[in-house]
Amino acid sequence: MTTSTSVPGIDVPDHRGRTGLDRAGRDLDRNPRVRVTGVELLAAGWHVLRRTTFDYEHGDGRRTTEQRETYDRGNGATVLLYDLEGATVLLTRQFRYPVYVNDHPDGMLLEAAAGLLDDQDPETAIRREAEEETGVRIGELEHVFDVFTSPGSVTERLHCYAAPYRPSERGAGGGLAEEGEDIEVVELPFKEALAMVGTGEIADAKTIMLLQWAALEGPFSR
C-alpha cells in the first residue's frame, strides 16, 4: 500500500512505471566547476520537469548557487527526404499547439519528418518515423549532425539525417491515427522550400538547418 509520503516517479512507480526520476544529474562529475547538490521533481506526465540546484564556479573563481528547471522529453531524430533528380524535398504539415499559442498564424507547421527515439537507436527510430509520417521506406541514410534544440531549458538532443526518396515508391504516410496524428505530406521544389525560410513559411528550426545544409554542403550544393 502506498503511504502518504510516497511520491510517484520517485519511490513508487508513476503511470509509466518509472522511479528515481529525482536522481538524474546527481552523479555528474564531468565538469569540475559544477557540483549538483539537489534535484526536485516538479512534474512527471509523459515527460519530466525537474528543478536542479548546483554550485557553480565562475571564470573569476567566484562560487554561486544556481537553480535551473529542465524539461526532459527524451532525444529525437529527424530526416530531410530529397529527390535529387526531381529537385524536390518531402516535408510534413501538422498542427502544433505550442507554436499556435505563441503567435504562429494557424499552428500548421511545415517540418522535416521527425520523432522521439522511444528507446530505439536513432537510425531505427527515424526509419520508423519517416515511414509512418511520409510513407517513405528509407534505404540509404546519411547522418548529418546532432544538435541540442533548446539548451537553456530542454534536454533533448536531436539526431539529424538526410535520405533520398523516389516519388514512385512513396506510401500513404499521414501518421498514426491511434496516436492522434493527422499529417499532410508536402512535396516541394527544393528552391521553393529554401525560399520559404526567408518568408517565414518554414519556421521550424530543424527543417531550416537541414535545408541550409542541403544547399551549402549536401545534395543540392553540387
Practice problem: Please state which one of ARG68, ARG26, ARG73, ARG50 is closer than 21 Å to ARG157 by Cβ, of a type outside the set (Val, Ile, Thr) and touching a His at 6+ places or on another chain (Cβ under 6 Å). | Solution: ARG73
Quiz item: Restricting attention to region 19-33, does a residue exist that is touching a residue at least 12 places away in the same chain (Cβ under 8 Å) and not in a loop (DSSP other than H, G, I, E, B)?
Solution: no
Quiz item: Quick one: would you say ALA114 is part of a helix (DSSP H, G or I) and either among the basic types (Lys, Arg) or touching a residue at least 60 places away in the same chain (Cβ under 8 Å) (or both)?
Solution: no
Practice problem: With the condition kept exactly as written, say whether any residue in region 97-109 is outside any helix (DSSP H, G or I) and under 30 Å from GLY25 (Cα atoms). | Solution: no
Quiz item: Any residue in region 171-185 that is under 27 Å from ARG16 (Cβ atoms), modelled with pLDDT under 95 and in contact with a strand residue (DSSP E or B) (Cβ under 6 Å, 6 or more places away or on another chain)?
Solution: yes
Quiz item: Of the residues in region 40-83, how many are closer than 30 Å to ARG137 by Cα and either free of Cβ contacts under 8 Å to residues at least 24 places away in the same chain or loosely packed, with under 12 Cβ neighbours inside 10 Å (or both)?
Solution: 1
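The values are calculated or read from the model by the stated rules, or taken from the named source; none is laboratory data. Just so you know, these numbers come straight off a predicted model, no measurement behind them. So basically every Cβ, Gly included, is an ideal-geometry build from the backbone, and we count neighbours across all protein chains shown.
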